[in-house]
1. Please give the contour-minus-distance gain from Glu84 to Arg336: 0.36 nm per residue of separation, less the Cα-Cα distance, rounded to one decimal in nm.
2. Give me the net charge of Ala295's neighbourhood, meaning all other residues with Cβ under 9 Å from the Cβ of Ala295; Lys, Arg count +1, Asp, Glu -1.
3. Subtract the Cα-Cα distance of Ala178 and Ser376 from 0.36 nm times their separation in residues, and report this length gain in nm to one decimal.
4. Please calculate the 1.4 Å probe accessible area of Arg390, with all protein chains present, and give it to the nearest 10 Å².
5. What does the extension gain come out to for Arg390 and Gln129, with contour length at 0.36 nm per residue minus their alpha carbon separation?
6. For Tyr277, tell me the accessible area in Å² from a 1.4 Å probe, rounded to the nearest 10.
7. Please find the FRET efficiency linking Ser160 to Gln73, where r is the Cβ-Cβ separation and R0 is fixed at 35 Å, and quote it to the nearest 0.05.
8. Note down the nm distance, to one decimal, between modelled labels 7 Å out along Cα→Cβ at Val302 and at Asp288.
Amino acid sequence: MAPTPPAMPTPSDTLCDSLRPETDGSGDKVALLADGRAGDTGLGPLLERILLTAAQLLGCGTGSICTIDETAQVYRKEVDLGAECRAGQVFSLDEGVTGAVVRAGGSVVFKEYSEVPGGHLGQDDARYQRPVIGVPIRLPSGVIGACVVFANTPERVFTSLDARMLELFAAQAAIAIAGFRLHTVAIEVNISLAELHTTERAALAHGFGLPGGDVPFGPAHVSLGRLTKTRPHRVIVMHEQPVIRAGLVHLLTQEGSGIEVIAECGDAAGTLAAARYLQPDVVVTDIDLVDLSGAELIESLVRTSPGTAVVLLVGDPRDERIRRAAHAGARGFLNRSAEGHSLVRAVGSAVAGDAVLSGSLLKQWGAPADPAHLTSREREVRRLMEGGLRDKQIGTELGISVKTVEKHVGTILRKTGAANRTMLAGLAHPHHS
């Protein structure tokens, strides 16, 4: 059902009178919200303050602020004041009030949330039968998000003045988001320049015998690639159980872990949308997926975000799905009973391209095959495979054809029981808990 236009004003709309730009009263309250610098306090707290104030002035208590990516056709909940907080989760633009705002290109009102196309609330949620209003968050470049507020009672009627007031707060949210993005870019640029200048000074000092020449790297080591080392590993955590998902996030983001959880998802569809939008380094999830198998998720991720590694949590080391997931390209497998530091190490190893196997999994899937079971040529091919060489490179190194190399590779994988090159490397040089 299409959203209805905001109703005409009622006496309750007098709340909005004090928020009109020409006033000197509560209008200042709206403007003051933008004075909080998102770069100093963090974007989330500032957006939460904006949303909470808007909801309270509307006589409401729940709502959300989302940012959108029209290219990827997804949106991310930055702030969620609902009982079931979904902040950090990513959804398709075909869904929810935010999707309706984008399609309408302006403010929308639904008499009941049940009318929202692709809504995420279930019938058991108290807000399901209540009115909801959504307004766009705009920049000159276009719509970048939406501000959504739920009514506290089914009798509440959102009016055109309600929409106008909420649009004022959406404008403040736009300022906060733009300011935070600029602040983040400025910090990254400053860090990069500072590191580059330090490197250049050390290199020059080393080369010309100036003070500071004892810094342990010379001109040959001057490289912009060093600057990327400051970036944490970007991880998406997926699990259908919110409590388990929160626990994984807590373990991964301990101080000094070098990991940033950039999204939390409750299903495979949301994970794929988030990966397409955010391009993470690693996705951490469980092999027991409700809506998709682990192998299917990995195959879809390869298409959506080719640079993303997958680390799977598993229960039974004898689970045949482990082999299928390895064939699909999973980078690591970790027992659910593993310690938190093992999970952190698994993410780091996966980013580095290493195979990750828990101890019990390594025991189940076997140690490296006895070299006596491999021919001398197979041992040579295996050594080069473990060194990271591809088939063509191995053929050049050994003076044999690519087809012959492929035949040896297939035999080696069969004899060792490895599902792919990654698992073969893990059997040879395991990173286990």
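The values are calculated or read from the model by the stated rules, or taken from the named source; none is laboratory data. On a predicted model such as this, the values are computed, not experimentally measured, just so you know. As a convention, Cβ positions derive from the backbone with ideal geometry for all residues, glycine included, and neighbour counts pool all protein chains shown. Areas reflect the complete protein model, heavy atoms only, side chains present, ligands, DNA and RNA absent. Shrake-Rupley method; radii C 1.70, N 1.55, O 1.52, S 1.80 Å.
1. 88.2 nm
2. Working: positive: Arg321, Arg324; negative: Glu296, Glu299.
Once all neighbours under 9 Å are counted, the net charge is 0.
3. That pair, Ala178 and Ser376, stretches by 65.1 nm at full extension.
4. The accessible area comes out at roughly 140 Å².
5. Contour length minus the Cα-Cα distance gives 88.1 nm.
6. Using a 1.4 Å probe on the heavy atoms, I get roughly 60 Å².
7. So, using R0 = 35 Å, E works out to roughly 0.75.
8. 2.7
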